[in-house]
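Input: a single structure, listed below in structure tokens.
No lab work stands behind these numbers, since they all come straight from the coordinates. Worth saying up front: this structure is predicted, and the values here are computed from it rather than measured. Methodologically, a virtual Cβ is constructed for each residue, glycine included, from the backbone with ideal geometry; neighbour enumeration extends over all protein chains shown.
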Amino acid sequence: MKKLQTHIRTWLANYLELPSDVMLDLPRITTIGDFHVYIENHQGLLKFTEQEIRLKFSKGHVRLNGSGFTLKMMLAEEILVEGKVQTIAFVYE
């Protein structure tokens, strides 16, 4: 049933020309250089340290590694982080 829902959402996103991140519950990550990261469509903060940030999304979590992370803004589904970003990884569960 899950595969059918995902297939239908993908088809709708393509047919109606809707953004796939919204239709498929995927995070949207915007970076400016290696010091500024804006993430939308997350489902909560799992871990926050100066070296690592983990954010939950529907299929797993997003992990940011680096140094000097500071939280500039956090809303229900949006977060703005500054610091030296070394890696951004998707971990699927």
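Test of understanding: what is the full-extension gain from Glu52 to Trp11, defined as 0.36 nm times their sequence separation minus their Cα-Cα distance? Mind showing how you got there, number by number?
Numbers: separation 41, 0.36 × 41 = 14.76 nm, distance 3.54 nm.
Full extension of this stretch gives 11.2 nm more.
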Pairs of alpha-carbon atoms within less than 8 angstrom and 6+ residues apart define the contacts here; what relative contact order does segment 27-92 have, in percent?
32
Residue-by-residue Karplus 3J(HN,Hα) for segment 83-90, coefficients 6.51, -1.76, 1.60, Hz, glycine and proline x:
x, 7, 8, 9, 9, 10, 10, 9
What nm distance separates the two modelled labels at Leu80 and Asp34, each placed 7 Å from Cα along Cα→Cβ?
2.3
So which lysines can Lys72 reach, going by Cα to Cα under 21 Å and dropping same-chain residues fewer than 8 places off?
Lys47, Lys56, Lys84
When the distances between all Cα atoms of segment 27-92 are binned every 10 Å from zero, what whole-number percent does each bin get?
24, 63, 13
